[in-house]
Every structure is written in C-alpha cells, then in structure tokens.
Amino acid sequence: MPELPEVETIKREIEPFVVGRTIEGVEIKDHRNIKGISPEQFKNKLIGQKFKSLTRQAKYMLFELASGNYLTIHLGMTGRLLFEPDNYVKVIFNLSGKKDLYFSDARLFGKIRFFNEKPDLKLGPEPLQKEFTVEYFKNALAKRNTAIKVLLLDQKLLAGVGNIYANEALFRAGINPHRKASSLSDIETKRLHKSIEEVLAEAIKYRGTSDSWYVDAKGEKGEFQLHLRVYGKKNKPCPKCGTIIKREAMGQRGTFFCEHCQK
DNA sequence: ACCTAAACCTGGGCGC
DNA sequence: TGCGCCCAGGTTTAGG
C-alpha cells in the first residue's frame, strides 16, 4: 500500500520521464479509476497537453500541465505507475517520444482526477516539511480522545502516513497504539514526532515497503519490508525484547505492537 | 466538531 | 485441482 515513501520513490523515477512530454493519447481499459468526469471528457481534456512539472503532496502525485490544468493520481491500495505494463493496467498515457506510462490498479481504489487549476487537496502538514513542528503536533493531539494510532492515519492532521508507518513509528517511540492522543506527555509527543520523521526518511532511503503489492515505476520491489519491526509480525518475537507481537484491529485496520515495549 | 463504522474493490491465501 | 470463504486498507460517506 503506497504511503509517502512509496509515492516519493515513484515520483522521483517518473518526474524526468514525463516532464516536457506531450500526452498524445489516453487508453482507458477501465474507467472506474477516473473520478468526476466521463472517460471521453477525460481524454479530450488531456490529449495535446504537455507536462510542466510533477510534485508529490502526501500520497498524491500532482502533475502540472503547461496550460495550468492539473492531473492528480492517488494510488490507493494497489495502484502502480509503470514504465512497462503488468496484468492490471487500467489507463495508458501515450507520451511524445513514443513513451508510454501505465497506470495499473488491481483493486480499483486508486483515483485519477482532472482539475482546471491547482487543487486544494485538503491535507494537513506533512512530516519532513517544516510546517510539521513538535508544537503543531502537540496542539493537534491535545483534547483528542481518539487512540493515537487512529489519529496518525488522519490525513487532515498529518498527511502521508498510512498503516505501515503508523505502526512502525509507534513502536519506535515506545507508545502503545491504544493510548488516547491527549494522554501523551510532551516527551512522548516529541519522541513520536521524531520517530515519524525517521521512519519515513529511512523508508524513502530503502525505496519503500514491498509488503504486498507495491513496486516502483520499473516494477522493482523496495527493501524497507526487511526493516519492519512490528508491521505484519503477528505472533513473532519483538526485535527488542522477544515478547510476542500482538495484532488487533483498530479503526478497522491491522494494528501490530509489543505490549512490553509500548506503554 | 468529534467519533465510529460501513462501503468501495478483487487478487491471493487458506481450508477443505 | 478447484471451489468458497475471508482478508488486505486509503479514502469517502453516512450517521450518531
């Protein structure tokens, strides 16, 4: 499941591939990933347009077109952007220079949208950017009765963290996922803030986590799955103390933690 | 405003 | 070998 590090990895690969190229054609194999506009309109809006820039905002890729229009792609759970097709291709972008970019998505949770101008994605600050300060984090958690694990997945509070890195950051910070957000001490908040930044930076370094579906634009797996400490480790020993890792559902998401190390 | 939970999807893994 | 069942989760939506 692509989170911030996975999307960043793909963004870095495809940026030089798309910028400056013109969209000469769009082939839609399944229209269900395209939101808010008919497949025909989508084609009409895009064909002939040139990519000016590509940026990432949290888990979104934001394609700026030379006209001032924008294209956003969210990969959902199983979305991929590929230089070569796989078995689940839904949309193909034919680019100038005889290059194709393939959007693949087995489970159809990915979303592709067209905007006339730069969209407001309604996201909170993202870790690794200066707006995500300890002070902001502290204020955002105060007065919240929700479990910290659930809040970490709230993209309006903090954009880019998904289930894998929420679990990993809490383990690194030694904080139990069930803790109410407002119950975290200043020291714990600071520790969690740091853990979030560290785990994301490390995951980018290892080109993302290929726990299940994720591959980069070249179709290659990342390596951060080799460095996971609790995510997906149900019934395995905690890497710090050897206690058996628990799995529970929280907010309908798998939550993995060590009862001994995470208080 | 806050909080919870269902719905959207289908490939893969499992049990039989 | 193959069938049926269940699980995976990011985001949106609905409802309390």
Return the subset of A:143/A:190; A:59/A:111; A:59/A:122; A:45/A:111; A:180/A:233; A:149/A:233 for which the Cα-Cα distance in this structure is over 20 Å, preserving the input order.
-> A:180/A:233
How much net charge surrounds residue A:66 when only the other residues with a Cβ under 12 Å from the Cβ of residue A:66 are counted, with Lys and Arg +1 and Asp and Glu -1?
-> +2
Which order do peptides A:139-145, A:196-202, A:43-49 fall in by mean Cβ count within 10 Å, highest first?
-> A:196-202, A:43-49, A:139-145
Local net charge near residue A:181, Cβ-Cβ under 11 Å (Lys/Arg +1, Asp/Glu -1) | +4
For chain A the mean separation of alpha carbon contacts under 8 Å (6+ apart) over residue count, i.e. relative contact order in percent, is 18 percent
Overall dimensions of chain A by Cα: Rg and Dmax, Å = 19.5, 59
Gap separating the Cα centres of the stretch A:172-235 and the stretch A:1-72, nearest whole Å = 27 Å
Just order A:53-64, A:183-194 by mean Cβ neighbour count inside 10 Å, highest at the front, would you?
-> A:53-64, A:183-194
Near residue A:118, which aspartates and glutamates are there with a Cα under 15 Å away, not counting those fewer than 8 places off in the same chain?
-> A:64
From the backbone phi of the stretch A:150-160, what are the Karplus-calculated ³J(HN,Hα) couplings (6.51 cos²θ - 1.76 cosθ + 1.60, θ = phi - 60°) in whole Hz, Gly and Pro given as x?
-> 5, 5, 4, 8, 7, 6, 7, 7, 7, 9, x
Among A:128-134, A:251-257, how do they line up from the highest to the lowest mean number of other beta-carbon atoms within 10 Å?
-> A:251-257, A:128-134
Quick one: net charge around residue A:145, please, counting Lys, Arg +1 and Asp, Glu -1 for every other residue with C-beta under 15 Å from its C-beta.
-> +4
Length gained, residue A:22-residue A:134, 0.36 nm per residue minus C-alpha separation, equals 36.1 nm
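Laboratory data are not the source of any read-out in this text; all were calculated from the coordinates shown. Only a predicted model underlies this, so the values are computations on that prediction, with no experimental measurement involved. Please note: Cβ atoms are built from the backbone with ideal geometry, for glycine as well, and neighbour counts cover all protein chains shown.
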